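Please treat every number below as a calculation from the coordinates, not as lab data. Not measured: the values here are computed from a predicted model. Every residue, glycine as well, gets a Cβ built from its backbone with ideal geometry; the counts of neighbours run over all protein chains shown.
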């Protein structure tokens with residue numbers, strides 16, 4: 001894989017590929033980061049100043065969980081967990097009062113990173129029903145009254161850090177990506193019956209955390225686009241057929257892809273994948289001459305030469321968890337060491353196959369986000385890296401504008417930025433929400449301190465911003481106290 005710098009080619013904007021909210025769902029903020037994961041709300045009069053004692057419409061206490069709120073006209077849906085239960089909650093949007101809480105037994109506990117949670121995946125809604133995913137159970141659908149509609153048991157999973165990608169609703173289907181160290185797949189379920197519409201294996205990827213998005217081709221064909229380890233892949237929303245792919249992503253992808261004006265923006269940072277850290281190792285057969293002296297077709301920690309040792313744990317590269325590196329493990333390991341952190345823009349049109357050399361509009365390898373998905377708003381792509389480092393990029397040319405820290409909010413970031421009303425909201429781990437004026441200078445207008453950790457991405461609609469903190473859900477609005 002060659003080292004790439006920013007490159008541009010000129011193509012007319014494909015207006016037929018612009019994805020409208022109505023093409024997906026009737027809900028106001030139907031899933032992770034709202035309409036098609038854009039992070040952009042269509043509302044005004046959002047508050048500039050808010051906090052525990054400022055512009056609070058209401059606050060509702062919640063159980064543990066890191067899923068983000070989703071909105072219908074009347075409901076807010078979230079998930080939570082206890083030591084022995086997996087919870088789905090419905091709140092009244094106007095008052096924050098609990099409408100119902102459905103509990104299901106937590107029959108297993110998958111291995112989790114300390115920043116992950118048994119309730120990290122954000123629900124999806126079609127405006128009436130809700131669809132939730134728990135790594136410890138699978139997919140569940142509840143009606144507006146909290147009654148079970150159907151259940152799809154899934155797992156157990158082999159994701160190194162636990163599952164966290166969220167489902168999405170696409171027309172009559174619920175789509176879920178399950179990237180793990182063995183047997184990754186993308187799954188579509190008929191949302192009204194709970195029957196499997198299609199299931200497609202993803203052998204190219206290992207563990208990942210990216211929620212899928214929808215791209216509409218000029219012909220009107222809907223495609224599921226998924227950034228994963230090393231590659232961005234598109235699937236037919238109707239059949240699950242793999243349509244096209246672009247190589248060049250990092251080895252562990254967390255941000256979702258963004259789709260706007262016929263272009264898909266994908267990004268991701270992982271340790272060891274900066275340009276200066278990349279290393280290129282031989283294929284297994286060649287490496288085995290030195291690293292497999294007993295000739296058993298697998299490599300043990302004791303056999304692996306020091307020059308090829310992993311910088312992290314053996315568990316991260318021994319995907320089968322048997323203490324050895326098989327040829328498959330080795331192929332992913334050398335791909336990992338040769339991968340690179342980057343943000344890319346792809347305009348696929350109606351193309352098929354490997355589009356790496358033909359349809360990449362631009363690439364940028366500096367200041368790449370770890371977890372937050374960027375937001376494209378009012379003609380600028382806002383990319384946020386931990387430390388509060390904000391980069392603005394022209395989405396058409398890839399030209400970089402502002403690069404600098406968010407004043408007063410130099411922190412770690414796990415929630416993704418959202419935007420509306422001429423403002424962009426950046427939410428830090430310690431609960432500081434920087435409100436910046438949209439534009440090339442992105443001046444910080446206010447830093448609001450909620451005084452407790454925040455990992456969930458806010459939802460915005462109807463003049464309100466809904467923020468899940470460690471203790472509960474706030475509804476902030478300019479008409480608050």
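Annotations for the structure displayed:
- Length-normalised contact order for region 28-170 - Cα pairs under 8 Å, 6+ apart - percent: 21 percent
- Label-reachable residues, region 116-139, where backbone N falls under 18 Å from a point 7 Å from residue 195's Cα toward its Cβ: none
- Ranked by the mean number of other Cβ atoms within 10 Å per residue, highest first, peptides 366-372, 308-314 order as 366-372, 308-314.
- Scoring 261-269, 325-333 by mean Cβ neighbours within 10 Å over their residues and listing the highest first yields 261-269, 325-333.
- Folded to 0 to 90 degrees: helix 327-338 orientation relative to the chain principal axis, Cα: 70 degrees
- Cα-only radius of gyration and Dmax that characterise region 94-240, units Å: 15.4, 46
- Ratio of the Cα radius of gyration of the chain to 2.2 N^0.38 Å, where N counts its residues: 0.95
- Residue 85/residue 53 FRET efficiency (R0 30 Å; Cβ-Cβ; nearest 0.05): 0.40
- Computed label-point distance, nm, for sites residue 277 and residue 145 using a 7 Å Cα→Cβ extension: 5.3 nm
- Extension reserve of the residue 478-residue 219 stretch, reckoned as 0.36 nm per residue once the Cα distance is removed: 89.0 nm
- Per residue, the convex hull volume that the Cα atoms of region 410-449 enclose (Å³): 66 Å³
- Here region 279-336 is treated as a Stokes sphere of Kirkwood radius computed over C-alpha pairs; at 10 °C and 1.306 mPa s its diffusion coefficient rounds to 141 µm²/s.
- Note on residue 43/residue 108: beta-carbon distance plugged into 1/(1 + (r/R0)^6) with R0 of 25 Å gives a FRET efficiency of 0.05.
- Cα centroid separation - region 331-392 against region 450-473, whole Å: 27 Å
- Mean ellipticity per residue at 222 nm, deg cm²/dmol - from DSSP H runs of n ≥ 4 across the chain, formula -39500 (n - 2.57): -1000 deg cm²/dmol
- Relative contact order of region 265-345: 49 percent, from C-alpha pairs under 8 Å at least 6 residues apart in sequence.
- Cα centroids of region 285-330 and region 93-125: 38 Å apart.
- For a label point 7 Å along the Cα-to-beta-carbon line of residue 92, residues of region 41-68 with backbone N under 19 Å: 56-62
- Cα-based radius of gyration of region 222-300 once divided by 2.2 N^0.38 Å, which approximates compact folds: 1.52
- Cβ-Cβ FRET estimate between residue 446 and residue 315, R0 fixed at 45 Å, reported to 0.05: 0.55
- Per residue, the Cα convex hull of region 405-481 amounts to 90 Å³.
- Mean Cα-pair separation over length for the chain, i.e. relative contact order, pairs under 8 Å, 6 or more apart, %: 17 percent
- Alpha-carbon radius of gyration plus Dmax, which is the widest Cα pair, for region 340-481 in Å: 16.3, 56
- Separation between Cα centres of region 138-201 and region 420-439, rounded to whole Å: 31 Å
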